[in-house]
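Remarks on the structure that follows.
The values are calculated or read from the model by the stated rules, or taken from the named source; none is laboratory data. On a predicted model such as this, the values are computed, not experimentally measured, just so you know. Note: ideal-geometry Cβ built from the backbone for every residue, glycine included; neighbour counts use all protein chains shown. Quick note on the areas: whole protein, heavy atoms, side chains included, nothing else; ligands and nucleic acids left out. Shrake-Rupley method; radii C 1.70, N 1.55, O 1.52, S 1.80 Å.
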Amino acid sequence: MPLFDSKPTLSATQYIVYSPSFQVPAFYFLVSDASGTPLPLENMIQTSLFRPSSLASTTIHETHIDLPQSQASQEAANFPLLSQGDHPVLGIPCFYLHPCETQKAVEELLSARQMESNGDQTLGKEAWIETWLLVLGNVFNLEN
């Protein structure tokens, strides 16, 4: 019986930055092993950073993850769900949740929330950020 847990130690670094192109927040992240080497995407999505069922019907590539065709709008079909690129401020390679459909997803949920309140509630920036975090929480386990 081993005395130590055989699971490797991993480190997840997460950033929220503003995307001037899409005018919404964007979630950047990196998962590294104990030596600081970034994990490949196919290994990264098996960590506790991701909700296990969130990527079940996606297409996983070495540098990005595509939305299922049934869920991708015509405009979003050209953009991946997750992509790899440099952090816009730090300049380090990261993966990020592509912000192209963020505005649409958040606005749709906010609209439903406002309809539930019979239009009595004005939803401001705080509600927008809360809703964005809910959308983000569908893919990522933000509790860890």
*Could you give me the ³J(HN,Hα) list for the stretch 88-93, computed from phi with Karplus coefficients 6.51, -1.76, 1.60 and θ = phi - 60°, whole Hz, x at Gly and Pro?*
x, 9, 7, x, 9, x
*What list of ³J(HN,Hα) values in whole Hz, one per residue of the stretch 24-39 in order, does the Karplus curve 6.51 cos²θ - 1.76 cosθ + 1.60 (θ = phi - 60°) give from phi, with Gly and Pro shown as x?*
9, x, 10, 9, 10, 7, 8, 10, 10, 7, 4, 8, x, 7, x, 6
*Using only protein heavy atoms and a 1.4 Å probe, report how much of residue 42 is accessible, in Å² to the nearest 10.*
120
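R0 = 25 Å: FRET efficiency of residue 103 with residue 10, Cβ-based, nearest 0.05?
Working: r = 32 Å, r/R0 = 1.28.
Computed FRET efficiency for residue 103 and residue 10: 0.20.
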*Quick one: which residues, 5 or more positions from residue 59 or on another chain, have an amide H under 5 Å from its amide H? H modelled 1.01 Å from N in the peptide plane, none for Pro or chain starts.*
66
